[in-house]
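Structure first, then comments.
No value in this document is a laboratory result; all are computed from the given coordinates. From a predicted model like this one, the values you see are computed outputs, not experimental measurements.
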Amino acid sequence: MNKILELRNRIYKEKKVVGLNGESLELNSAIDPNEGNAILDILKRNPDFFRTIEIGCAFGLSSLFICEGINGRLGSKHTIIDPFQMTSWKGVGIHNLKNAGIENFNLIEKASEIALPQLLEQKESFDFALIDGWHTFDHTLVDFFYLEKLIRPGGIIGIDDIHLPGINKVVRYLLNYPNLELIESVPNYTSRKRKFRDNILNNFFGLIKIILPKKYYYKVLSDKIIKSDKILGLYSSMVFFRKIDNDKRGWNWFEPF
């Protein structure tokens, strides 16, 4: 078992993490293992991905999955934007990366709305990005706005916690982008019974979507079925978009969402 895998398995099992000062903390914020494995699988399926970036590190579980995915690739580097890593998160994420023997990462301790434009001005480019920062509609949209420009064509952007209303709305908007392709979603099922029930609801709302005009489906029903949307994947917790081309929308482009 490799060192990265061993460390994250232990963290998930013990539900404990350790900060740079040696303080032991409860694991109260982390991506689900299914989400992490989805990220890892995407990176393994794309061997030409070697420059990655994420918004939000917290206790570093997502960073461990990402760094494992690009581990051993020539020139690989992971960029982390987290203004609270050394304060609110006690340096746990960085501590975990170092304990796993990972050195090819760069921590930017600035707010993403400041750091991302600076990276764009420096003409940086990435293959994979994960958005898991401030979970409001506007902040998530700003993060995506800049990351879409920083990700090269063919690259992938993941968005976490899409069950939250603000983030779900952002994803609905992005589904209209002509240069983006929704390639994968990670369902968040807690039981077989719930999965059976959700599949029935999924088919029902899928039928409604076919019958109703798009603008009515989203504007009239979206608040009621925010967690039952066939496009996003029922009760999805994370989605991945592939950037298939550079953004060529006109100055007045808009599609209802």
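Assorted remarks:
- Using a cut-off of 24 Å between Cα atoms, the listed pairs 169/248; 16/98; 77/243; 16/110; 13/98 include 16/110 as exceeding that distance.
- Along its three principal directions, the equivalent ellipsoid of segment 12-80 from the Cα gyration tensor extends over semi-axes of 24, 14, 9 Å, largest first.
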